[in-house]
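Structure, as C-alpha cells:
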Amino acid sequence: MGTLDFQVTGMTCDHCASSLQAALATVQGIHNAAVSYPERHATVAVDAGIEAETVIQAIRAKGYDAQLERKTPTAHFGKGTGLKVVIIGSGSGAFAAALRVAEGGATVTIVEAGTVGGTCVNVGCVPSKIMIRAAHIAHQQAHHPFPGVEKHTPQIDRAALVMQQQRRVEELRRDKYESILESNPGISLLRGRARFIDAQTLEVTQADGTIKHVAADRILIATGRSPSIPDTPGLAETPYWTSTTALVAEQLPKHLLVYGASVVALELAQAFLRLGSQVTVIARSTLLSKEDPAIGTGLQAALEAEGMRILTHTKLTSALYDGSSFQLDVGSELLSGDRLLVATGRQANTAALNLQAAGVAVDTSGAVVIDSHMRTSVPHIYAAGDCTNQPQYVYVAAAAGTRAARNMLGEDAVLDLSAMPGVVFTDPQVATVGITEAEAQAQRLDVDSRTLTLDNVPRALANFDTTGFVKLVADKRTGRLLGAQILAAEAGEMIQTAALAIRNGMTVQELGDQLFPYLTMIEGLKLCAQTFFKDVKQLSCCAG
C-alpha cells in the first residue's frame, strides 16, 4: 500500500472537500483519503497497483479536477496517525479543529449535549443578521431619503419572518455541520454532557443516563458561552427574553424594554424598533462603552433619531411581571413594557466541566485561560472560541480551532489578534480594528489621530446618508497606522482594508496614496488618511 498526493481544483468550500473525501472512500482500492479545501490538496492511501488516473477519474466524477503531485510509499498523515482527539462542543471552533486533525490522520470524537453547530449558526450570527436585514428593508420602505419614491409603512408578519429565518438556519446547520459529520469517517459524534475525570479522561452522560468514559491523547474545550443574567431582585421570577428567545419570538412587542447596551442588545433593539415595536434601552454605562467614546455618542444620536429611547448610566434595581407587563424600577422612574430583553453579557460554559480535576485554569469570569497557541495550563489540553479569554467572534473561534489542531499535530501555530476586525451590525454599523487613541495613550505611545465625517465622502453624499465618521490612529513619528474606528452604514465592508493596512505595516501616507475606486464608501478611508497631510476639503472629486 502507498499514498498518492494530488492538487485539486474546482473546490469552493470545506463542504466540497468533505464530500469529495467521502466519495473517494467508497472507491475500490482506496483505503483512506484526506482532502483539504484550504490547501486544495488530497492525499489518498491506495492498494498496490492502483494508478493515479483511477483516483483522478473519481475526483472528476465529483465535478473537480486533479493533478498528481507526488507518490510515496509511506503514509502522509505523520504525527496524527493513531492520535485520539476529543473535542467538547460542536461550534465553529470545534469543527475547524476536527477537520484539521482528521486531515492529519487523527481519530476525532466530538461530544455535544445540545444542537450541533454551536451559537453562530443556530442562535447567533445567522438568525440575527437575517432579522436585522428584514428590519432594514422595512425601515427603508418608510424612511428612505428620496422624495420621488413613494414611502409607506409595511405590514409585518413576524411569524412568516421567523419561519424563513429558521429554515435558513436549518439549511446552514445541515450543510456546514451535520453533513460533514456524516461524510467524514475520521470524525464521530457522541451526544452527551462531558466532564473531566482527570486530565486524560472525560465522563460523558448521555440522554438516557448512560455514562461513557472517553480517553484522549489531546482534548479541545470549545463549549462556547450562554447569556449571563444579573441577580436583579425579582428578575428571575419574570418571563424575560434572552437573545435566543427574542430571535424566534413570533409576536412583536408593543413596547420592548432592553437591559444592556453592548453588541447583542443594540443590534436586536434596533431590529425590533424597525419592525414596529417601541423600544427603550437601559444602559448601565454608555453605548458600546468599550469602544472609542465617539462611537457610542454617534450611534446613540442615530438610534434616538429613529425613535429609540436610551437611558444611559442607569441600573435596573428591581423587576416585576404582573401577567401582562413588566415593571422595571430604574431609580429615577418606573418603566413599563410588555416584553423585556436581557442582554447584559455572556458567560463561558465551563462550570459543569469539572476543569479543576484536569488542572485547567480559568479566569475570574470562568473563561478558560489560553496562550497564543491555544494551550491551556495543561499541555495536551487546548481551548478555542467563546469559552476562552479570547475575543468573542466566530471567525476568531474558527481560526483558533484550526491552530489548536495544528499544534495538536506537532506544529507551532500562533493566532495573532493584533489586526483583528470587529463589526457591530447596527445601522450605522460600527467597525473597528487595532487600537483606539485612548488605548495608545495608555500604552504610552505617541500617536496622532484624524476624524473624517461622512459629509466629506462623495458616496455618502450621493446616498443622502452622511451619518457617521472614519477615525484613524497613527504613530506620530513613523506615520504607521495603528487603529481605525468607523461609524457608517457600510462600516463592516470597509474595515478589512484598514485591517490589511495595519497587518502590513502601512503608513497613513501610503494608505492615502493608494488607488481607491470613486463613489465607494471605502474611499472614506483614503480621504481620512489624506487628512494627516492635506486638507481634503480642497480636493476635487476623486483627486489622488
Here P(r) for the range 422-538, Cα-Cα distances in 5 Å bins, as whole percents, is 2, 13, 24, 26, 20, 10, 3, 1, 0
Extended-chain gain in nm, criterion 0.36 nm per residue less alpha-carbon gap, Ala352 and Ser365: 3.3 nm
With bins 10 Å wide starting at 0, give me the P(r) of the range 1-70 over every alpha carbon pair, in whole percents. 24, 62, 14, 0
Ser188's amide H: which non-local residues (gap 5+, or another chain) put their own amide H closer than 5 Å, with H modeled 1.01 Å from N in plane and none for Pro or chain starts? Val108, Thr109, Ile110
Output wanted: per-residue J couplings in Hz (rounded whole) for the range 386-391, from phi through Karplus 6.51 cos²θ - 1.76 cosθ + 1.60, θ = phi - 60°, x for Gly and Pro. 5, 6, 9, 8, 8, x
Counting other Cβ atoms within 10 Å, keep those with at most 11, restrict to DSSP loop, and tell me which trypsin sites (Lys or Arg not before Pro) in the range 392-456 are left. Arg444
Counting other Cβ atoms within 10 Å of each Cβ, which trypsin sites (Lys or Arg not before Pro) in the range 83-156 have at most 15 and sit in a DSSP loop? Lys151
Could you work out the equivalent-ellipsoid semi-axes for the range 51-175, taking the square root of 5 times each eigenvalue of the Cα gyration tensor, largest first, in whole Å? 46, 22, 12
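Expressed as a whole percent, how much of the Cα-Cα distance distribution for the range 305-428 exceeds 16 Å?
It works out to 72 percent of all Cα pairs.
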Hydropathy at least 0.0 by Kyte-Doolittle, axial extent at least 27 angstrom from the Cα trace: which helices of the chain, defined as entire DSSP H runs, fit? none
For the chain, what is the calculated [θ] at 222 nm in deg cm²/dmol (nearest 500), taking -39500 (n - 2.57) for each run of four or more DSSP H residues and dividing by its residue count? -9000 deg cm²/dmol
Let me know the whole percent of all Cα-Cα pairs from the chain that are separated by more than 42 Å. 30
Whats the longest run of the chain with zero GluC sites (Glu not before Pro) that are DSSP loop and have at most 16 other Cβ atoms within 10 Å? 412-544
Nonlocal amide H pairs with Tyr64, under 5 Å, H built at 1.01 Å: none
Translational diffusion of the range 437-494, µm² s⁻¹ [Kirkwood Rh, Cα pairs; Stokes-Einstein; 4 °C; 1.567 mPa s]: 105
With label points built 7 Å along Cα→Cβ from the Cα atoms of Glu53 and Gln28, find their separation and express it in nm. 1.8
In vacuo Debye sum over C-alpha of the range 111-166, base-10 log of normalised intensity I(q)/I(0) at q = 0.13, 0.20, 0.30 Å⁻¹, listed in q order, is -0.47, -0.79, -1.15
Roughly speaking, what % of Cα-Cα pairs in the range 117-232 are separated by over 25 Å, rounded to a whole number? 52
Å³ per residue enclosed by the Cα convex hull of the range 235-342: 95
Going through Lys129/Lys471; Lys290/Lys471; Lys84/Lys176; Lys476/Lys534; Lys62/Lys84 one by one, the pairs whose alpha carbons sit over 21 Å apart turn out to be Lys129/Lys471; Lys84/Lys176; Lys62/Lys84
Just need the relative contact order of the chain here, percent rounded to a whole number, with Cα pairs under 8 Å and 6+ apart. 12
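The numbers here are math on the coordinates, done by the rules we state, and not lab data. What you see is a predicted model, and the numbers here were worked out from it, not measured in a lab. In this analysis, Cβ positions are derived from the backbone assuming ideal geometry, glycine residues included, and neighbour counts consider all displayed protein chains.
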